[in-house]
1. Please verify whether Gly248 is away from ligand 1 (no atom under 16 Å from the Cβ), at positive phi and open to solvent by 10 Å² or more (accessible area, probe 1.4 Å), treating the condition exactly as stated.
2. Output the number of residues of the range 267-291 satisfying the condition of being open to solvent by 10 Å² or more (accessible area, probe 1.4 Å) and polar (S, T, N, Q).
3. Could you list, in sequence order, all residues of the range 10-47 that are farther than 15 Å from Ile344 by Cβ and in contact with a helix residue (DSSP H, G or I) (Cβ under 7 Å, 6 or more places away or on another chain)?
4. Which residue pairs have Cβ atoms closer than 7 Å, lie 6 or more positions apart in sequence or on different chains, and pair a first residue in the range 531-542 that is within 17 Å of Leu423 (Cα to Cα) with a second residue that is open to solvent by less than 20 Å² (accessible area, probe 1.4 Å) and among the basic types (Lys, Arg)?
5. I'd like the residue in the range 167-190 that is open to solvent by 20 Å² or more (accessible area, probe 1.4 Å) and of a type in the set (A, V, I, L, M) and, out of all such residues, is farthest from Leu124 (Cα to Cα).
6. From the list Arg126, Arg81, Arg99, Arg85, pick out the single residue that is touching a strand residue (DSSP E or B) at 6+ places or on another chain (Cβ under 9 Å) and among the basic types (Lys, Arg).
7. Taking the range 320-334 on its own, how many of its residues are within 19 Å of the chain's Cα centre (by Cα) and surrounded by fewer than 24 Cβ atoms within 10 Å (Cβ to Cβ)?
8. Every residue in the range 240-267 that is part of a helix (DSSP H, G or I), over 11 Å from Ala312 (Cα atoms) and either touching a residue at least 60 places away in the same chain (Cβ under 8 Å) or in contact with a His (Cβ under 6 Å, 6 or more places away or on another chain) (or both), please.
Amino acid sequence: MAKKELSIEEMSIHQDAKAMLAKAKNDGIETAWDRLQQQTPHCTFGESGVCCRICVMGPCRISKKSPLGVCGADADVIVARNFGRFVTGGAAGHSDHGRDCIEALEAVVEKETDDYTIADPEKLLRIAAELGIASEGRDVMEVGKELVDIFFSDFASRKQELAFLCRVPEKRKAIWDKLGITPRGVDREIAEMMHRTHMGCDNDAANTMLHSARTCLADGWGGSMIATEISDILFGTPTPQPSKVNLGVLKEDQVNILVHGHNPIVSEKILEAVNDPELIALAKEKGAAGINLAGLCCTGNELMMRKGVPMAGNHLMTELAIVTGAVELIVVDYQCIMPSLVQIGNCYHTKMITTADKARFTGADHYKFTMQNGREQAQNVVKLAIEGFSRRNPDRVDIPGEPVDILTGFSNEAIINALGGSLTPLIDAIKAGKIRGIVGIVGCNNPKFKQDHCNVTLAQELIKKDILVLATGCVTTALGKVGLLMPDGADQAGEGMQEICGSLGIPPVLHVGSCVDNARILQACALIADELGVDISDLPVGASSPEWYSEKAAAIGTYAVASGIYTHLGLPPNILGSEVVTNLAVEGLEKLVGASFAVEPDPVKAAVLLDTRIQQKREGLGLT
Ligand code: XCC
Ligand code: SF4
């Protein structure tokens, strides 16, 4: 039976979304919500993870009547293999993005490009020192070459462990060693997962799950961490700065360009081009008042964190942004870009531009960006947007609402700086119970939930309980739109947090960045654990992805748990067809790695779960 049609009120909590959902209806545009309805009910075999398509003796699906696949694999093996491949997709996405960053840094230090430079040489030197590269009296570019080598070899097979494991507390590393899940090369773990899950290899569900953890650790402490650190080196380490969020950041009288995807290498160049006086003059010649750039999803986060570029919206806003009728061009790199954007763009005057050979969309124009042509291609793309302005139909334009102010840019460096040079004041606040704990809320939107209801409610509930929230990914936009990324958002927090936020002038929710920037949270946890002389799993911290949808989000959750961080998910991955795998995820992992998953769709109840966990950990540390 198909689900009953949702009212607009049930689809999103946001005014801008609701206005555009109504316009989409009027304009005859189909959105993710409509297509979800067409796909409902979902295939129960797929949903519970018991459908195996790994070989052509199958596909096999497990039921009471036929409990084994043709090869004899049972539900546990099939579910574990499917989960393993699922998170490996996510780890591969983050990590291949990380590899692109290494290649970008390589092009810069080898002086193979004039289009990119090093924005933060101090950070390059700091990381080099951390990784044991001597830098005294040496040219930054020369030091950078060695850094590039270390990062590349992190992707290969020859190493016993990743370079950034130097950041992991000793107790945590001992746990990984004992379980045999210390991440080695990023590509090695990914390839090994594909091997293990080939027919006739790893046929022990628990063993496959352990390798899932290892592969995801290679993402968190490898691919993602490298992506974050190199992006800071190339484009600047974020510092607190104001920005704005929601569809109101689009401008009726200007050429509007949206950047969407994840890797700042393209979007940073687009940002440069929209500030080019010649291009601005050209836009004015064509009757526009200027050129306006705004972000979507994580590439939006990257630009917002470093440059204060406004954010038009998160995952479920990407289609609705086009429905405004005011977007000339949407420039994408990769990940989380709905193919429907091309079709919706065709219903207006919006063109989609792809920039990466690994992420092309039928119907979009392809402008391949390289380290050598980035500046020129960005100019070409912006010119295309300017041309598009004359094709805009003003009668079909509706930009809903006023943008909301936010404060962004809380890298670990910025947080430590705001605290006066060390984490001690934060730790003291935790000890005193003014901040009872820290929770990272990360990830996506999923039309199975009322958009951002769970993301926002969970954050509100947590700060009320004096729990500091760190936000990344699409959650950022959600929390920004309701005012939680401003210092006066602390009015909604408990007394302790009100005091701390008031004295430091910070919001109760700190924007820590994009999804690869969850690596910043890992590093922060490690720093706090080291300062207290404990393991990460002893800290009063937690993680949550209330409205997640992607393989990447599952990979993040898995590396968080494997790093010792209790992690809440708003809905389960497709594993419920195996009791062994489900029990391992929500219980068994606790004994192995000192943390587990909790699944709870209700954000108020989820806040209680996280709070209870934090209280336990506080007591474990002798705090009240
Ligand atoms: Fe994608 Fe990073 Fe999720 Fe947003 S939060 S929907 S993964 S863009 Ni990563
Ligand atoms: Fe079926 Fe086994 Fe092949 Fe999977 S690997 S499709 S369970 S025969």
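1. Taking the combined requirement at face value, the residue does not satisfy it.
2. Count: 1.
3. Step one: filter the range 10-47 for residues farther than 15 Å from Ile344 by Cβ, giving 10-16, 18-19, 22, 36-47.
Correct list: Met11, Ser12, Ile13, His14, Asp16, Lys18, Ala22.
4. If the second residue must be open to solvent by less than 20 Å² (accessible area, probe 1.4 Å) and among the basic types (Lys, Arg), the pairs left are Asp535/Arg172; Ile536/Arg172; Pro540/Arg618.
5. It comes out as Leu179.
6. Values: Arg126 fails: touching a strand residue (DSSP E or B) at 6+ places or on another chain (Cβ under 9 Å); Arg99 fails: touching a strand residue (DSSP E or B) at 6+ places or on another chain (Cβ under 9 Å); Arg85 fails: touching a strand residue (DSSP E or B) at 6+ places or on another chain (Cβ under 9 Å).
On inspection, the qualifying residue turns out to be Arg81.
7. Adding up the residues that qualify gives 1.
8. Start the filter on the range 240-267 by keeping residues that are part of a helix (DSSP H, G or I), which leaves 247-249, 264-267.
Next cut, over 11 Å from Ala312 (Cα atoms) only: 264-267.
Across the range 240-267, the qualifying residues are Ile265, Val266, Ser267.
The values are calculated or read from the model by the stated rules, or taken from the named source; none is laboratory data. Given the structure is predicted, the values throughout are model-derived calculations rather than measurements. Ideal geometry is used to build each Cβ from the backbone, glycine not excepted, and the neighbour counts take in all protein chains shown. We work out accessible area using only protein heavy atoms, side chains counted, and drop any ligands, DNA or RNA first. Shrake-Rupley method; radii C 1.70, N 1.55, O 1.52, S 1.80 Å.
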